[in-house]
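Below is one structure; the comments refer to it alone.
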Amino acid sequence: MSVSPPEPPTLTACLTPPGTAAIAALAVRGPRAWAVVRALFRPTSGRALPAEPEASRFWLGKLGEEGRGGSDEVVLAVKRGGPSPWLELHCHGGREVVRLLQEVLAAGGAEVCPWEELERRTADGPVRAEALAALTRAATPRTAAILLDQYHGAFDRAIETVRGALRAGDLAGAGRLLGELAAWASLGRHLTEPWRVVMAGAPNVGKSSLVNALAGYRRSVVAAVPGTTRDVVTVRVALDGWPVELADTAGWREGAGALESAGINLARAAAADADLCLWVLDGSAEPVWPGPNLRRTHYVLNKVDLPPAWELERAPGAIRVSARTGAGVGELVAAVANWLVPKSPPPGAAVPFTPELCRRVGEAQHGCSTGAGGEAERLLEGFRADRG
């Protein structure tokens, strides 16, 4: 005798951030969502709710019972109908109101969970759920627009095209398509986490002043005394729409005391780990150059408002600025953005936007190049199956 699989749970979660607010939104999703809400909701019109939910319908009414735990006036919206409907309840804001209504829904048979778990268990695929979670961490409109494209299916569609090529035995075509996706991996990893850009150089070349100029306010202390900056001081900014964490560091020099040397060691470590290092040169004093092992480094020539003390052409390609007057700061912003993101994706492009997606795309591309089409297919099928 066959045994029917258990019915999926009906879930409820708060979709709005916790805290004091005028409005909050609760989601109720699952096979019994309509039955649970219908039993607890009293329309203001006095007419009973229909037996089955219809998408895009709205009702004003009260949820809960006055004499049994309390109630609140809410707007009930049917976002999706069918056998497992998606409902939303828009109620008064505040932690305790939300708690009250969640207790009412739980007593009616719904399982309370965080919104991230709700999306993971009910969204149309794991990538869509990941994109929605990433959207909450997007720091700029530009990165949010890219993530919205993924939420609306750009990445899923690209993967389905690759899988179609694999099913047709076209490993070369699948590898080419995966290569196009992999080209955006560096950008995708930084849609929610900023690029790390370190200001490095000798003492008193103007690193702190440049960080302040880029940030638009005084984040770092500026003084003529060498060794003023001891720790790594960071500030988050948006450069041409890309999220960047700027780091001001101690000036590099020999013969420093123990405390200053500790700061210099931190500066060296930060520069080595950075996505980009800006080595600042002072145009009004003899230049101090970085060592040969410093990677991903570009020159910034500061204090161009002062008479030069050396042939500035010795720093080819350096961006010339004056942190004091602001000259060249706009050019520096454009240059840093271009160094970090030489090419940005067109609207609607598929972009792998988490480390895991980037890893699997890269491994699937390698599988195609080595003739392991089955392994590539397994990796891409995992985008659907993971977190089920």
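The values are calculated or read from the model by the stated rules, or taken from the named source; none is laboratory data. Here the structure is a predicted model, which is why all the values come from computation and not from measurement. In this analysis, Cβ positions are derived from the backbone assuming ideal geometry, glycine residues included, and neighbour counts consider all displayed protein chains. When the accessible area is computed, the model is the full protein with side chains, heavy atoms only, and any ligands, DNA or RNA have been set aside. Shrake-Rupley method; radii C 1.70, N 1.55, O 1.52, S 1.80 Å.
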Quiz prompt | Expected-Rg normalisation [2.2 N^0.38 Å, Cα atoms] applied to segment 291-361 | solution = 1.59
Exercise. Restricting to the chain, compute how many DSSP beta bridges are antiparallel as a %, nearest 5.
Key: 65 percent
Quiz prompt | For the chain: accessible area per residue (Å², 1.4 Å) | solution = 49 Å²
Exercise. Report, to the nearest whole %, how much of the accessible area of the chain belongs to carbon and sulfur atoms, 1.4 Å probe, protein only.
Key: 54 percent
Quiz item: segment 251-383: percent of C-alpha pairs farther apart than 27 Å?
Solution: 46 percent
Self-check item: In nm, spacing of pseudo-spin labels at residue 35 and residue 378 (7 Å Cα→C-beta vector)
Solution: 4.1 nm
Quiz item: Each label point is 7 Å from the Cα along the Cα-to-Cβ direction; what then is the distance between the points at residue 148 and residue 286, in nm?
Solution: 5.6 nm
Quiz item: Over segment 30-187, what lengths in whole Å, largest first, do the semi-axes of the equivalent ellipsoid take, defined as the square roots of 5 times the eigenvalues of the alpha-carbon gyration tensor?
Solution: 41, 18, 13
Quiz item: Cα-based Rg (one decimal) and Dmax (whole number) for the chain, in Å?
Solution: 27.9, 92
Quiz item: Counting only the heavy atoms of the protein chains, how much of residue 57 is accessible to a 1.4 Å probe, in Å² to the nearest 10?
Solution: 90 Å²
Quiz prompt | Sum of -39500 (n - 2.57) over DSSP H runs of 4+, divided by residues of the chain (222 nm, nearest 500) | solution = -11500 deg cm²/dmol
Practice problem: Count the net charge of all other residues whose Cβ sits under 11 Å from the Cβ of residue 13, scoring Lys and Arg as +1 and Asp and Glu as -1. | Solution: -2
Practice problem: Over the chain, calculate the relative contact order: mean separation of alpha carbon pairs under 8 Å at least 6 apart, over the residue count, as a percent. | Solution: 15 percent
Quiz item: Where both residues lie in segment 39-187, what percent of DSSP beta bridges are antiparallel, nearest 5?
Solution: 100 percent
Quiz prompt | Share of pairwise Cα separations in segment 23-110, more than 22 Å, in percent | solution = 16 percent
